[in-house]
1. Checking a compactness column here: for the chain, what do you get for Rg(Cα) / (2.2 N^0.38 Å), N being the number of residues?
2. Hey, what number do you get for the chain at 222 nm if only DSSP H runs of n ≥ 4 count, each worth -39500 (n - 2.57), divided across all residues, to the nearest 500?
3. Which entries of Lys131/Lys154; Lys21/Lys167; Lys131/Lys171; Lys60/Lys80; Lys131/Lys164; Lys60/Lys131 show an alpha-carbon separation above 26 angstrom in the structure shown?
4. What net charge is computed for the residues neighbouring Ser100, neighbours being all others with C-beta under 14 Å from the C-beta of Ser100, Lys and Arg scored +1, Asp and Glu -1?
5. State the percentage of accessible surface on the range 1-76 attributable to carbon and sulfur atoms; use a 1.4 Å probe and exclude ligands, DNA and RNA.
6. Between the range 1-49 and the range 68-130, how far is it from one alpha carbon centroid to the other, in angstrom?
7. Tell me, what is the per residue accessible area of the chain in Å², probe radius 1.4 Å?
8. Pull up all non-local amide H partners of Val6: gap of 5 or more, or a different chain, and H-to-H distance under 5 Å with H placed in the peptide plane.
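The values are calculated or read from the model by the stated rules, or taken from the named source; none is laboratory data. Since this is a predicted model, take the numbers as computed values, not measurements. Cβ: placed from backbone, ideal geometry, glycine included. Neighbour counts: every protein chain shown. Side chains included, ligands, DNA and RNA excluded: accessible areas come from the protein's heavy atoms. Shrake-Rupley method; radii C 1.70, N 1.55, O 1.52, S 1.80 Å.
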Amino acid sequence: MMEEEVILVNSNDQPIGTMPKLQAHIEGKLHRAFSVFIFNRSGELLLQQRALDKYHSAGKWTNTCCSHPRPGEETILAAKRRLKEEMGMECELRPVFSFSYLAKFENGLTENEYDHVFFGFSEAVPQPDPKEVAAFRYISLEELESSLIEEEEKYTVWLKICFKELKTHYKKEQSNG
């Protein structure tokens, strides 16, 4: 089986090529990614604990689902595909914001991503793929905010980086109805 490829982008998220996913992480090339955040009707966020054998951030808690669109694949369709593959869930998703980040890991890999954030709302019970997800839980944004400070080592770097903006957008959505 061929290794999955990622879409290399410039700082404006314009595609400039493709590269095998692991190679992009070895070389630290900027590439397109997405992060999905699913909330229940109580306003709790569905977190997943990454599988223990992931090549970086293994066992860390993070947003509901995240990955990379394939070359030629629309980002929102990739987000829906991975939500189904990772968490066994389907729901409407909508784009909320994007952010870029650069993070180097102890194993020598680098995440350099232009990350598209999607929100969804669902009461479905997750049926996670154990190769992707070790565990899942729902948490209030207030509880998560405290935990990100008190136990920051338990969470992925991208969740910590985007949390403030995530919370702002979620509150804005709640006030708009």
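1. Against the empirical 2.2 N^0.38 Å value, I get 0.98 for the chain.
2. Per the formula, -8500 deg cm²/dmol.
3. Those over the limit are Lys21/Lys167; Lys131/Lys171; Lys131/Lys164.
4. Here the count lands on -3.
5. 49
6. Cα centres, the range 1-49 to the range 68-130: 7 Å.
7. On a per-residue basis, the chain sits at 51 Å².
8. For Val6, the qualifying residues are Met19, Lys21.
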